[in-house]
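Before any comments, here is the structure.
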Amino acid sequence: MSDARKLDAALDGLVHDGSLSADQAELVRLRFEGTEMPSDSRTSVLAEIAGYVGGAFLVIAIAIITANKWDAFTQWQRAVLFGALAVILFALGLFVGSATSVKSRLSGVLYGLSAASATATIAIIHPKNDAPTLAFLGGTAIALIGFYLVQSFVGHFTLYGFIFISGIMAVSDLSPQGSETAVFIAIYFLLLGTSWLALTYFKYVDEFLGYIFGGATLFISTQIFFIDSERLISYLLMIYVAALTTWLYLRVNRWPILLTAVLTTTVGVGEFVASTLGGSLGSALGLFAAGVALVTSSLLALRNRREKALEIAE
């Protein structure tokens, strides 16, 4: 359980017991979220950079050596080479551990490289049309294990990238022949984006990246439906995304969520006006007036929220 979830559980218990009021608990949460952790020392940062640069030199050297003899290797020799590299990188990640933030970041990089090596290994062993799907599913499994062990920024990025790509490949392979594959991919993005927002809301993954990934995936889903001429579905989906992200923003106050809501609403209304009204001058003026009203109400709401926070602090 993360520190944020432990804090939420403790504060909820104190509010339930009557030891704290709801406003006081919210103030503690705001102060906790705004508190910065002590930065790493200059020595540890330099050591981390040196480790990354040294690792890059090793990878480049190995790539040059293997490139010269790649054609001489058999299929299984190539697979053993990448498989051994995947095992070594994963073992190094376990050895480094997550005792400090520097070690956590380094472990996240090692697990990500291990997942990439495992993907290459499976692709070499099964050189068939469906090999990329199997390979990326295997890499996704390694990335998931690595992220479970060390929840780092790099690990989060790597895991979502593997899930995103492997999901597209799997949906494409499983879609019936002659069907609109783009529609099934859009449905997958809808489920993935909603699920990732839920995981982020309940603090299972990092909030900053989680809300960016989830919101961006939902927005992409709406645009796939629109481009694929599924206009009614895209409009309904845009309403769903805008409502969901607005609801989340009112509870977590994170700018990636607000950006998703604003972007979805702006693009959705623009696409609706352009498709149904032909982009006429009257509809554009009406859209401008609605935008001014929304911006004004937003500024007033933000000012009231700031004044309320100051009153609670006093």
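Have a look at Ile125, Ile145 and point out the one that is out of contact with any Gly (no Cβ under 8 Å at 6 or more places or on another chain), under 19 Å from Gly167 (Cα atoms) and either among the hydrophobic types (A, V, I, L, M, F, W, C) or surrounded by 19 or more Cβ atoms within 10 Å (Cβ to Cβ) (or both). Give the derivation first.
Working: Ile125 fails: under 19 Å from Gly167 (Cα atoms).
Testing whether each residue is out of contact with any Gly (no Cβ under 8 Å at 6 or more places or on another chain), under 19 Å from Gly167 (Cα atoms) and either among the hydrophobic types (A, V, I, L, M, F, W, C) or surrounded by 19 or more Cβ atoms within 10 Å (Cβ to Cβ) (or both) leaves just Ile145.
Thr43 meets all of the listed conditions (1) modelled with pLDDT under 70; (2) farther than 25 Å from Asp206 by Cα; (3) surrounded by 13 or more Cβ atoms within 10 Å (Cβ to Cβ) but one, namely (3).
Residue-wise test of (1) surrounded by fewer than 22 Cβ atoms within 10 Å (Cβ to Cβ); (2) of a type in the set (Val, Ile, Thr); (3) at pLDDT 95 or above.
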| site | (1), (2), (3) |
| --- | --- |
| Leu191 | yes, no, yes |
| Lys203 | yes, no, no |
| Glu207 | yes, no, no |
| Gly210 | no, no, yes |
| Gly215 | no, no, yes |
| Ile220 | yes, yes, yes |
| Asp228 | yes, no, no |
| Ala243 | yes, no, no |
| Leu250 | yes, no, no |
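The helices (runs of 4 or more DSSP H) located wholly in segment 140-251 that include 2 or more residues which are in the same structural domain as Ser98 (by TED's automatic domain parsing) and closer than 23 Å to Arg105 by Cα occupy 153-174.
Listed by first and then second residue, the pairs with beta-carbon distance under 7 Å, at least 6 apart or on different chains, first residue in segment 10-26 and surrounded by 13 or more Cβ atoms within 10 Å (Cβ to Cβ), second outside any loop (DSSP other than H, G, I, E, B) and not aliphatic (A, V, I, L, M), are Leu11/Arg29.
For segment 252-275, the tally of residues that are under 19 Å from the mean Cα position of the chain (by Cα), under 11 Å from Phe219 (Cα atoms) and either polar (S, T, N, Q) or not in a helix (DSSP H, G or I) (or both) stands at 2. All of (1) surrounded by 20 or more Cβ atoms within 10 Å (Cβ to Cβ); (2) under 30 Å from Ile233 (Cα atoms) hold for Ala198 with one exception: (1).
With respect to Ala242, determine if the residue is within 30 Å of Phe32 (Cα to Cα) and free of Cβ contacts under 8 Å to residues at least 24 places away in the same chain.
Working: within 30 Å of Phe32 (Cα to Cα): yes; free of Cβ contacts under 8 Å to residues at least 24 places away in the same chain: no.
The answer is no for Ala242.
The values are calculated or read from the model by the stated rules, or taken from the named source; none is laboratory data. Every value quoted in this text rests on a predicted model; they were computed, and no experiment measured them. In this analysis, Cβ positions are derived from the backbone assuming ideal geometry, glycine residues included, and neighbour counts consider all displayed protein chains.
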